[in-house]
Amino acid sequence: PRKQTLFTPSEVNAAIVACGGLDPGINVVVRDICSTLDFAYNVRRAWGVRYGWRGFTDRAAQDWLELTPERVGHIHKEGGSVLGFSNDACDVDAVLDCLQHRGVNQLYVLGNVDACRSAHAIQAGAVVRKMKLSVVLIPKSIQNNFPFIDKCIGFDTVVQGAVEAVDKVVQAARSVQGGIGIIKLGSGEMCLNAVLASGDADICLIKSVAFDPRVVFEYVDKVIQRKGFVIIVVEDGAGEETVRKWRARLEAEGSTRAPVGGSMDECTGKLVYPQGGLESKWGTAHFDVGQYLKEYAYEYFSALNTTVTVRLSTPEWYIRSMPAFASDRIYCSVLASNAVHAAFAGLTDLVVGRMNQRHVYIPLDLVIDPKNGPVIKETSRIYNRMIRTTRQPSFQRLGQAKLITGRGDVRRAFNSNEALADMKDPAAAAAPQ
């Protein structure tokens, strides 16, 4: 603890809220916030806000949990979240009203970059209302997309869960004729790290790198001919525009097959989509690229009169609900303690994290600035490490493919003739096949 603090232990009324989806490590953070409050500052009680931002507005959810060291003593060994979760949007004024009514002066938020925006708005509103409030955020996101920060809580556990899923799909795919195993994961970072750690995937597709499905399956055909099966790891939301056009085509054809993102009404025979249509308050909905690839595979190989067996695995809920592994527990514990020390010192409007192996406090206005957001590109180091692992080519159309060079290596776009006559580059002509 710091020698000088803004808050005295007797006046502290702390609340903890976990926003967004499940992630490994939530329970560890909750436990260690309570532990640090108790051991370092003699604050014996904190409040657990149930079901994310909904806990500030919904009457049924406003029955907050009283968190004591005895109650949270063993929750770090459990998966899921003792606080529950929801994806509800944040009503800033309602949150501030609730905090004022309950006399909360320390708010610990576990959430993603969107939660950072909400926390920043809450702090700004507290200043206007002249509330004595410290808002500290702990980074929680399977997308691992916080700028400046090395990793979010639970990310090592998420990657290990994804690797286990890949391993199981490999065993299934190699046991059938023409096995095509598709694993759909929730973020590009998870896909890339799982592919690197597993070493068994043949193809990795992510949102930020475009691909032509026909070029993909020309390569899939060659891999099956070579080794008998193929493993594809794909990020949820990849190829969104391609899937959107596919769904529109099914609608135009009056297909009785329910396209991705909708279901067939048995009474009317019309396609029914989730409430809110394509747009929601969280942005454009991502269609199920995994289902699209599965159906495309059957159509493609049916035209070739080739027998394949396609299996789609979506293990995200299993992965999200895993208890945190040892390395993540330690990381979560350190961030939780640092969050409490920051709040007691009067620091606010910040996120705790580790940057270049040093634990730091980062202002929220820097975190939410779009210019600082990390983007995975074809030239990113982690993407090129993945390429060296899978040995996959570029899956863009011939003539649109980009050469990626580094240390004398040139990766060429794949096509049926294995040549890039359109690309007048001497390095491309000399590249290994």
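The values are calculated or read from the model by the stated rules, or taken from the named source; none is laboratory data. Bear in mind the structure is a predicted one, so any value in this text is a computation, not a measurement. Here the Cβ is made from the backbone with ideal geometry for all residues, glycine too, and neighbour counts use every protein chain on show.
Sort out which residues of segment 122-161 are part of a loop (DSSP other than H, G, I, E, B) and aromatic (Phe, Trp, Tyr), and write them in order of number. Those that are part of a loop (DSSP other than H, G, I, E, B) and aromatic (Phe, Trp, Tyr): PHE146, PHE148.
Counting only residues that are in a helix (DSSP H, G or I) and buried (at least 19 other Cβ atoms within 10 Å of the Cβ), how many does segment 224-237 have? Give the derivation first.
Quick first cut of segment 224-237, residues in a helix (DSSP H, G or I) only: 224-227.
Remaining after also requiring buried (at least 19 other Cβ atoms within 10 Å of the Cβ): 224.
Residues flagged as in a helix (DSSP H, G or I) and buried (at least 19 other Cβ atoms within 10 Å of the Cβ) within segment 224-237 amount to 1.
Give the residues of segment 292-308 that are in contact with a helix residue (DSSP H, G or I) (Cβ under 9 Å, 6 or more places away or on another chain) and either part of a helix (DSSP H, G or I) or buried (at least 18 other Cβ atoms within 10 Å of the Cβ) (or both), sorted by residue number. Lay out the reasoning, then the answer.
Initial filter on segment 292-308 (in contact with a helix residue (DSSP H, G or I) (Cβ under 9 Å, 6 or more places away or on another chain)): 292-293, 295-297, 300-301, 304, 306-308.
Those that are in contact with a helix residue (DSSP H, G or I) (Cβ under 9 Å, 6 or more places away or on another chain) and either part of a helix (DSSP H, G or I) or buried (at least 18 other Cβ atoms within 10 Å of the Cβ) (or both): TYR292, LEU293, GLU295, TYR296, ALA297, TYR300, PHE301, VAL308.
Among the numbered conditions (1) at pLDDT 95 or above; (2) within 27 Å of the chain's Cα centre (by Cα); (3) buried (at least 17 other Cβ atoms within 10 Å of the Cβ); (4) not aromatic (Phe, Trp, Tyr), the only one that ASP167 does not meet is (3). Filtering LEU65, LEU99, LEU133 for residues that are within 22 Å of GLY21 (Cα to Cα) and either surrounded by 15 or more Cβ atoms within 10 Å (Cβ to Cβ) or among the basic types (Lys, Arg) (or both) leaves a single hit, LEU65. No other residue among ARG44, ARG31 is surrounded by fewer than 23 Cβ atoms within 10 Å (Cβ to Cβ) and among the basic types (Lys, Arg) apart from ARG44.
Identify the residue in segment 198-212 that is free of Cβ contacts under 8 Å to residues at least 40 places away in the same chain and in a loop (DSSP other than H, G, I, E, B) and, among all such residues, is nearest to the chain's Cα centre (by Cα). Let's see the steps before the verdict.
Kept after step one, since they are free of Cβ contacts under 8 Å to residues at least 40 places away in the same chain, are these residues of segment 198-212: 198, 200, 207.
With in a loop (DSSP other than H, G, I, E, B) added as a condition, the list becomes 200, 207.
Details: ASP200: 22, LYS207: 12 Å.
Applying the filter and picking the extreme gives LYS207.
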